[in-house]
Amino acid sequence: MRVRKGMKRYVRLFGKAIVKVREHARVSREELAQRSGISIHRLVRIENGTAARDLGVIELCRIAASNNSTPSELAHRVAEYEAAQRSR
């Protein structure tokens with residue numbers, strides 16, 4: 001099954017949002033991985049936007065909660081990044 005191009009874009013934007021929220025909270029990748037129960041290698045793939053085929057909602061929720069954030073905040077940041085890209 002091929003992942004649609006639009007889906008890949010959103011996965012990259014969610015990864016970018018996760019990085020920004022994590023950095024704002026001054027949390028390392030290692031700490032976030034440990035808090036969320038996701039391996040560091042998996043978290044790197046998510047943050048880099050290369051986990052498109054199998055990125056799950058549960059993972060996004062666990063990452064958000066471990067970062068004292070919400071999936072809604074991540075989605076809001078994705079919408080902001082998308083709007084910024086469109087205005088270019």
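Quick one: in segment 1-17, which of the residues that are of a type in the set (A, V, I, L, M) and part of a helix (DSSP H, G or I) is modelled with the highest pLDDT?
Here the answer is Ala17.
Among the residues of segment 18-40, write down those that are outside any helix (DSSP H, G or I) and either at pLDDT below 90 or aliphatic (A, V, I, L, M) (or both). Once the filter is applied, which keeps residues that are outside any helix (DSSP H, G or I) and either at pLDDT below 90 or aliphatic (A, V, I, L, M) (or both), segment 18-40 yields Ala25, Val27, Ile38. Taking the criterion of being within 9 Å of the chain's Cα centre (by Cα) and either on the phi > 0 side of the Ramachandran plot or surrounded by fewer than 19 Cβ atoms within 10 Å (Cβ to Cβ) (or both), the residues of segment 21-54 that qualify are Asn48, Gly49.
Out of Ala75, Ala79, Ala64, Ala83, I need the residue that is out of contact with any helix residue (DSSP H, G or I) (no Cβ under 7 Å at 6 or more places or on another chain), surrounded by 13 or more Cβ atoms within 10 Å (Cβ to Cβ) and part of a helix (DSSP H, G or I). Which one?
That would be Ala75, the only listed residue that is out of contact with any helix residue (DSSP H, G or I) (no Cβ under 7 Å at 6 or more places or on another chain), surrounded by 13 or more Cβ atoms within 10 Å (Cβ to Cβ) and part of a helix (DSSP H, G or I).
Cβ-Cβ contacts under 6 Å between residues 6 or more apart (or on different chains), taken from a first residue in segment 1-17 that is of a type in the set (D, E, K, R) to a second residue that is at pLDDT below 80 and surrounded by 13 or more Cβ atoms within 10 Å (Cβ to Cβ), are listed as Lys8/Ala52.
Among residues of segment 68-87 that are of a type in the set (S, T, N, Q), those with a beta-carbon under 7 Å from a residue that is in a helix (DSSP H, G or I) and surrounded by 10 or more Cβ atoms within 10 Å (Cβ to Cβ) at least six positions away or on a different chain give the pairs Ser69/Val21; Thr70/Ala64.
The values are calculated or read from the model by the stated rules, or taken from the named source; none is laboratory data. Since the structure is predicted, the reported quantities are computational estimates derived from the model, not experimental observations. When we count neighbours, we look across all protein chains shown, and the Cβ atoms used for this are built from the backbone with ideal geometry, even at glycine.
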